[in-house]
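The block underneath contains the structure these notes are about, expressed in structure tokens.
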Amino acid sequence: MANKQMPQVGDTAPDFSLPTSDGGTVKLSDFKGKRNVILSFHPLAWTNVCSAQMLDLELHEKELQALDAQALGINVDSVPSKAAWKQALGIHNLPLLSDFHPQGQVAELYGIRQESGPAKRAVFVVDKQGVIRFAKVYPGGQVPDLQEAMEVLKGLQ
């Protein structure tokens, strides 16, 4: 699978539909006209940096709501793994989405799928019109700076 180019700021965000750890389904286009979205891609569940990345989003949920934004955690782990991880972390509000089958299809759409399968650590902010307003890949061992995305969201108010 050849990597697509990562969409840039100003591009329309590729739409997708993924299963959640809670047994539901989330479609990006369902937020169009309603809420801004933070797509928070992480390589693998059950690792310290990925856990910190998801907990940061959970801890800032009220601030994100005030900015009319919904965060989504996305990676290639299976739904049962995501469900167990979510419970282990004590996450109650943040939807965790499984890009498991076919593996990394959404990461591929966003041009951040690694050859080994998982997504790179990356954050995209998508506005209510479905346009990417922030796109950044982070080093594997670095928790993304949520304040960067929140500043972009504040600018959309």
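Values for this structure:
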quantity: Test set (1) polar (S, T, N, Q); (2) within 19 Å of Ala122 (Cβ to Cβ); (3) crowded, with 17+ Cβ neighbours inside 10 Å - Ser81 fails condition number; calculated: (2)
quantity: Within the stretch 120-157, considering residues that are outside any loop (DSSP other than H, G, I, E, B) and among the aromatic types (Phe, Trp, Tyr), the one surrounded by the most Cβ atoms within 10 Å (Cβ to Cβ); calculated: Phe124
quantity: Filtered residues of the stretch 1-46 (kept if more than 16 Å from Gln70 (Cα to Cα) and touching a Gly at 6+ places or on another chain (Cβ under 7 Å)); calculated: Asn3, Lys4, Gln5, Met6, Pro7, Thr12, His42, Pro43
quantity: Selection count where residues are surrounded by 21 or more Cβ atoms within 10 Å (Cβ to Cβ) and either touching a Cys at 6+ places or on another chain (Cβ under 6 Å) or free of Cβ contacts under 8 Å to residues at least 24 places away in the same chain (or both), scope the stretch 34-56; calculated: 1
quantity: Which numbered condition Lys32 fails, given (1) within 22 Å of Arg133 (Cβ to Cβ); (2) within 15 Å of the chain's Cα centre (by Cα); (3) at pLDDT 95 or above; calculated: (2)
quantity: Set Gly73, Gly10: member being under 21 Å from Glu148 (Cα atoms) and in a loop (DSSP other than H, G, I, E, B); calculated: Gly10
quantity: Answer residue from the stretch 57-78, given it is touching a residue at least 60 places away in the same chain (Cβ under 8 Å) and surrounded by 17 or more Cβ atoms within 10 Å (Cβ to Cβ) and is nearest to His101 (Cα to Cα) among those; calculated: Leu57
quantity: Selection from the stretch 73-124 of residues that are more than 15 Å from the chain's Cα centre (by Cα) and farther than 15 Å from Asp22 by Cβ; calculated: His101, Pro102, Gln103, Gln114, Glu115, Ser116, Gly117
quantity: Any hit, the stretch 109-119, residues being more than 13 Å from Phe41 (Cβ to Cβ), without any contact (Cβ under 8 Å) to a residue 60 or more places away in the chain and surrounded by 17 or more Cβ atoms within 10 Å (Cβ to Cβ); calculated: no
quantity: Leading residue by the ranking (surrounded by the most Cβ atoms within 10 Å (Cβ to Cβ)) among those in the stretch 21-33 that are on the phi < 0 side of the Ramachandran plot and in contact with a helix residue (DSSP H, G or I) (Cβ under 8 Å, 6 or more places away or on another chain); calculated: Ser21
quantity: Sole residue being of a type in the set (Val, Ile, Thr) and without any contact (Cβ under 8 Å) to a residue 40 or more places away in the chain, chosen from Ile91, Ile132; calculated: Ile91
quantity: Any hit, the stretch 14-32, residues being in a loop (DSSP other than H, G, I, E, B) and touching a Lys or Arg at 6+ places or on another chain (Cβ under 6 Å); calculated: yes
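The values are calculated or read from the model by the stated rules, or taken from the named source; none is laboratory data. This is a predicted model, so every value here is computed, not measured. No Cβ is skipped: glycine too gets one built from the backbone with ideal geometry, and neighbour counts run over all protein chains shown.
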